[in-house]
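Notes follow the structure.
Throughout, read-outs are computed from the coordinates displayed, never taken from laboratory work. Not measured: the values here are computed from a predicted model. No Cβ is skipped: glycine too gets one built from the backbone with ideal geometry, and neighbour counts run over all protein chains shown.
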Amino acid sequence: MFVLIAAAGLGLLTLLVIVFAPNIRKYAAGGVCKSAARLDGKTVLITGANTGIGKETALDLAVRGARVIMACRDVEKGEEAAASIRASYSQAQVEVRELDLADTCSIRAFAQQFLREVNHLHILINNAGVMMCPYTKTIDGFEMHIGVNHLGHFLLTSLLIGLLKRSAPARIVVVSSLAHNFGWIRFHDLHSQGSYNSGLAYCQSKLANVLFARELARRLKGTSVTVNSVHPGTVNSDLTRHSTLMTIFFTVFSMFLKTPREGAQTSIYCAVAEELHSISGKHFSDCTPAFVAPQGRSEETARRLWDVSCELLAIEWD
């Protein structure tokens with residue numbers, strides 16, 4: 001009897017999902033960037049642009065006329081993504097450059113060549129990231145989540161900030177996550193050497209993204225360079241590749257998740273929307289202002305994280 005009831009319940013649930021599928025997909029898709037702004041003559045740099053929302057962001061901005069530089073750890077995959085973008089839009093100005101955010105030498109080499117060969121930078125999208133990977137360290141000994149998601153982008157932005165200022169008005173978009181709500185900056189064990197939980201390490205790095213965007217916006221006041229962070233939504237991408245459980249969950253409930261194109265909308269919005277030309281230090285989701293957790297609004301924590309980041313990277317950044 002129990003088996004029959006369970007089967008009937010499952011059948012009813014399946015029927016409801018099929019019937020309401022269009023409504024479910026519309027709700028899951030979230031906000032859409034409605035701006036028709038053109039980017040002709042503008043230069044854009046996107047990290048991790050070879051896959052997921054990074055690739056979709058690159059395609060959209062290329063269609064708007066921008067020169068899009070795709071900074072990727074895997075150049076071969078980057079070239080495949082660039083070819084795919086050109087196949088979708090034959091006039092796309094996209095190029096691939098090697099950048100490994102887990103290696104400060106790679107970041108410095110990338111920036112050095114970039115500054116030699118590129119005269120302007122109008123939009124920087126710090127998009128690349130890792131999620132729930134097993135405990136590993138970057139080349140420089142940083143825990144992988146905080147090293148790639150925060151410190152790598154912190155260093156890259158510091159090396160390119162002069163060019164962004166000279167190219168102003170310019171924008172910086174930092175891809176964070178709703179996960180920042182569950183994160184805490186563990187200054188006593190930033191690299192999780194005492195204890196490690198991949199989920200909490202990811203949340204800490206996403207909180208660091210929010211704090212970085214807010215503190216950088218404060219320091220750039222009056223420069224015509226704006227900085228905002230975004231939550232792209234729960235996106236069905238390969239970001240979950242390190243977690244078998246998450247991969248299965250995302251596969252089963254894919255209907256309730258955003259596609260990479262849908263997940264890219266808020267990044268695109270913050271990069272191009274005319275009404276955001278002077279908005280800085282905010283957090284967005286579904287192309288609208290979003291809630292920031294109390295720990296993400298702490299000026300004291302943001303400044304302390306800034307100082308610790310500079311110390312770890314051995315840089316000075318006023």
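A few remarks follow.
- Simple point charges give the picture: +1 on the Cβ of Lys and Arg, -1 on the Cβ of Asp and Glu, and for the range 255-318 a dipole about the Cα centre of about 320 debye.
- Arg218/Asp189 FRET efficiency (R0 35 Å; Cβ-Cβ; nearest 0.05): 0.85
- Zone of Ser35's modelled label, taken as backbone nitrogen in the range 93-123 under 15 Å from a point 7 Å along Cα→Cβ: 122-123
- Sequence-distant aspartates and glutamates (8 or more away, or on other chains) whose Cα lies within less than 12 Å of Lys77: Glu98
- Efficiency of FRET from Cβ geometry, Ser84 and Asn197, R₀ 41 Å, rounded to 0.05: 0.70
- Relative to the globular-protein estimate of 2.2 N^0.38 Å, the Cα radius of gyration of the range 159-217 stands at 1.39.
- Per-pair calculated FRET efficiency, R0 = 30 Å: Tyr135 and Trp317 via Cβ, rounded to 0.05: 0.55
- Cross-link partners of Lys258 among lysines (Cα-Cα below 22 Å; sequence separation of 8 or more within a chain): Lys26, Lys34, Lys55, Lys206
- Peptide ranges 161-173, 306-318 listed from the most packed, as the mean C-beta count within 10 angstrom indicates: 161-173, 306-318
- Between Glu299 and Ala168, full extension at 0.36 nm per residue minus the direct alpha carbon distance yields a gain of 44.6 nm.
- The range 33-313: C-alpha gyration tensor shape, a/c 1.5 cut-off, then a/b vs b/c: rounded
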